[in-house]
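Enquirer: Before I ask anything, here is the structure I am working with.
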Amino acid sequence: MTAGDGRGPHTRAVHTPRPVPPEQQPLGLPVYRTAAFAFRDSGEFADLLAGRIPGYSYSREGNPTAEAFAAAVAYLEAFGVEDDVVGEPFSSGMAATSTVLMALCRAGAHVIAPRQLYGGTYGVLTTLLDRFGVRADFVDGRDVEAVRAALRPETALIWAETLANPTMAVADFPSLAAVARAAGVPLVVDSTFASPAVCRPLALGADAVVHSATKYIGGHSDVMGGVVIGSRELIAAVHRTRAQLGGSLAPDDAFLLHRGLATLPLRVARQCASALALAEALSAEARVRTVLYPGLPAHPDHALAAKLFDPDRYGAVVSFVVAGGRAGAAAVCDAARLAMIASSLGGAHTLLSPVATTTHRQLDDATLERAGIDAGTIRISVGLEDPEDLIADLRQALAAVPAE
Ligand SMILES: *Cc1c(COP(=O)(O)O)cnc(C)c1O
């Protein structure tokens with residue numbers, strides 16, 4: 001590796017000197033931006049593939065930066081949990097969701113999921129897994145007896161969401177976990193809308209937690225990722241399925257997601273406080289029919305949220321209903337100047353989504369009504385702006401709908 005080693009210019013360009021990994025811990029997370037890892041000899045390669053020694057061979061199977069990110073989220077979710085829990089990283093929330101479902105279900109399996117379910121998850125259950133003989137029953141997630149009644153011998157798992165979109169219904173984890181435990185099936189919770197800075201379902205009886213890290217965990221609307229946290233045994237099955245399906249988290253994205261974690265509790269505490277202020281301000285507006293936010297005492301799940309969530313944190317997604325159905329919701333969104341119209345949530349920017357034409361566009365008026373969703377519902381993901389500015393913006397935007 002010196003001037004006189006006799007190697008040609010192309011060989012030199014490929015086989016440049018590499019640093020020996022330093023003894024000192026870098027404060028920033030090292031990014032192992034590599035597809036593969038080299039071995040000292042073929043015996044070591046064979047030993048690693050056979051599981052006789054730890055290490056890495058190929059980044060679809062495992063990458064230290066992606067694993068560090070998943071381990072960090074597992075550490076946050078493990079607060080208050082007695083048993084050992086580990087995390088598995090994913091390229092998106094849907095990669096996490098579809099992989100967990102594929103890992104836990106086989107042909108003939110049955111899944112119980114809430115009727116108010118994230119559209120992507122609903123789609124995987126009804127248009128992908130149904131082709132492989134998996135059947136899903138959608139029940140009122142707040143009705144624990146309905147969940148129990150839906151159990152079948154083939155039930156493979158119960159799915160729940162910490163906060164449902166757009167009604168912000170709160171999952172009753174202790175009761176759902178009791179039903180799941182009695183039936184011997186895992187309770188899997190999509191906790192994206194809460195984040196580990198609001199609620200940790202594993203400490204409340206859930207067996208696995210799924211996050212779209214694209215939302216609060218990343219927190220800046222500039223990176224996609226997902227993560228699943230659970231027992232070593234459950235995650236081992238999820239890991240094998242992920243390596244097969246290939247939804248691996250890229251090392252650079254893992255770095256960004258990991259970087260967001262240090263400020264997650266600070267960001268989310270502020271977003272929750274602003275969301276409560278905004279929800280209270282909207283409740284006082286004549287042009288707002290209803291505000292759906294569990295931080296308000298009028299929300300049906302206020303007491304449950306106060307019991308299950310961290311003090312003074314009720315999430316930072318607020319829904320409100322205006323007159324005029326789809327047209328009314330569109331008029332308010334279009335009149336907002338600060339809050340932006342976009343999908344996604346959890347980032348620094350406050351985002352608006354008229355739900356009947358976006359997240360719930362597949363539902364006609366009758367189906368919306370059965371699901372208890374008014375066509376004039378608007379979802380706000382509260383960001384990091386000054387709450388006074390957000391309140392002023394929505395107040396002026398509300399002038400776009402007629403007073404009732
Ligand atoms: C966004 C979201 C997902 C999917 O995550 P992606 O990162 O977009 O793949 C799953 N569940 C919920 C509740 C979400 O909000």
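Enquirer: List every residue pair whose Cβ atoms sit under 9 Å apart, with the two residues 6 or more apart in sequence or on different chains, where the first one lies in segment 17-44 and is under 14 Å from A250 (Cα atoms) and the second, anywhere, is modelled with pLDDT under 95.
Expert: So the pair list comes out as P30/P21.
Enquirer: Also, quick follow-up: Could you go through segment 105-127 and let me know if any residue there is buried (at least 24 other Cβ atoms within 10 Å of the Cβ), small (G, A, S), under 24 Å from L245 (Cα atoms) and modelled with pLDDT of 95 or more.
Expert: Checked against the condition, which is being buried (at least 24 other Cβ atoms within 10 Å of the Cβ), small (G, A, S), under 24 Å from L245 (Cα atoms) and modelled with pLDDT of 95 or more, segment 105-127 yields at least one hit.
Enquirer: Could you figure out which of (1) closer than 27 Å to D83 by Cα; (2) surrounded by 22 or more Cβ atoms within 10 Å (Cβ to Cβ) isn't true of P166?
Expert: (1)
Enquirer: V185 fails exactly one of the following numbered conditions: (1) of a type in the set (A, V, I, L, M); (2) buried (at least 18 other Cβ atoms within 10 Å of the Cβ); (3) without any contact (Cβ under 8 Å) to a residue 24 or more places away in the chain. What is the number of that condition?
Expert: (3)
Enquirer: Cβ-Cβ under 7 Å, sequence separation 6+ or interchain: first residue in segment 213-229 and more than 23 Å from G246 (Cβ to Cβ), partner within 10 Å of the ligand (Cβ to nearest atom) and hydroxyl-bearing (S, T, Y). Which pairs?
Expert: S221/S344
Enquirer: Please enumerate the residues belonging to segment 12-32 that are surrounded by 13 or more Cβ atoms within 10 Å (Cβ to Cβ) and either closer than 26 Å to T241 by Cβ or among the hydrophobic types (A, V, I, L, M, F, W, C) (or both).
Expert: L29, V31, Y32
Enquirer: Would you check which residues across segment 206-215 are part of a loop (DSSP other than H, G, I, E, B), within 10 Å of the ligand (Cβ to nearest atom) and of a type outside the set (G, A, S) and list them?
Expert: Across segment 206-215, the qualifying residues are T214, K215.
Enquirer: Still on this structure, please answer the following. Please verify whether segment 221-244 includes one or more residues that are out of contact with any strand residue (DSSP E or B) (no Cβ under 9 Å at 6 or more places or on another chain), within 15 Å of the ligand (Cβ to nearest atom) and assigned to a loop (DSSP other than H, G, I, E, B).
Expert: Looking for residues that are out of contact with any strand residue (DSSP E or B) (no Cβ under 9 Å at 6 or more places or on another chain), within 15 Å of the ligand (Cβ to nearest atom) and assigned to a loop (DSSP other than H, G, I, E, B), one finds at least one in segment 221-244, hence yes.
Enquirer: Any residue in segment 100-116 that is β-branched (V, I, T), within 14 Å of the ligand (Cβ to nearest atom) and at negative phi?
Expert: yes
Enquirer: Of (1) over 23 Å from A156 (Cβ atoms); (2) assigned to a helix (DSSP H, G or I), P89 satisfies all except one. Which?
Expert: Here P89 meets the rest and fails (2).
Enquirer: Can you tell me which residue is farthest from A399 (Cα to Cα) among those in segment 255-269 that are surrounded by 17 or more Cβ atoms within 10 Å (Cβ to Cβ) and not aliphatic (A, V, I, L, M)?
Expert: Among residues in segment 255-269 that are surrounded by 17 or more Cβ atoms within 10 Å (Cβ to Cβ) and not aliphatic (A, V, I, L, M), the one farthest from A399 (Cα to Cα) is F255.
Enquirer: If you don't mind, there's one more thing I want to ask. Taking the options G80, G93, name whichever one is within 16 Å of the ligand (Cβ to nearest atom) and under 24 Å from G205 (Cα atoms).
Expert: Just one listed residue meets the conditions, G93.
Enquirer: Among F39, F79, which is the only one that is out of contact with any strand residue (DSSP E or B) (no Cβ under 7 Å at 6 or more places or on another chain), surrounded by 10 or more Cβ atoms within 10 Å (Cβ to Cβ) and modelled with pLDDT under 95?
Expert: Every option except F79 fails the conditions.
Enquirer: I've got another one for you. Going through segment 118-129 one residue at a time, which ones are in a helix (DSSP H, G or I) and touching a residue at least 40 places away in the same chain (Cβ under 8 Å)?
Expert: Listed by number, the residues that qualify are G119, T121.
Enquirer: Mind checking whether some residue in segment 44-53 is part of a helix (DSSP H, G or I), of a type in the set (D, E, K, R), over 16 Å from the mean Cα position of the chain (by Cα) and farther than 30 Å from T167 by Cβ?
Expert: Checked segment 44-53: at least one residue is part of a helix (DSSP H, G or I), of a type in the set (D, E, K, R), over 16 Å from the mean Cα position of the chain (by Cα) and farther than 30 Å from T167 by Cβ.
Enquirer: Which one of these is polar (S, T, N, Q), at pLDDT 95 or above and within 23 Å of I373 (Cα to Cα): T214, T290, T263?
Expert: Criteria check complete, one pass: T290.
Enquirer: Next question, about the same structure. How many residues does segment 103-117 contain that are more than 15 Å from the chain's Cα centre (by Cα) and part of a loop (DSSP other than H, G, I, E, B)?
Expert: 7
Enquirer: Now, a different point. Report yes if Y58 is free of Cβ contacts under 8 Å to residues at least 40 places away in the same chain and within 18 Å of the chain's Cα centre (by Cα), otherwise no.
Expert: In short, no.
The values are calculated or read from the model by the stated rules, or taken from the named source; none is laboratory data. This is a predicted model, so every value here is computed, not measured. We place every Cβ from the backbone using ideal geometry, glycine too, and count neighbours over all the protein chains shown.
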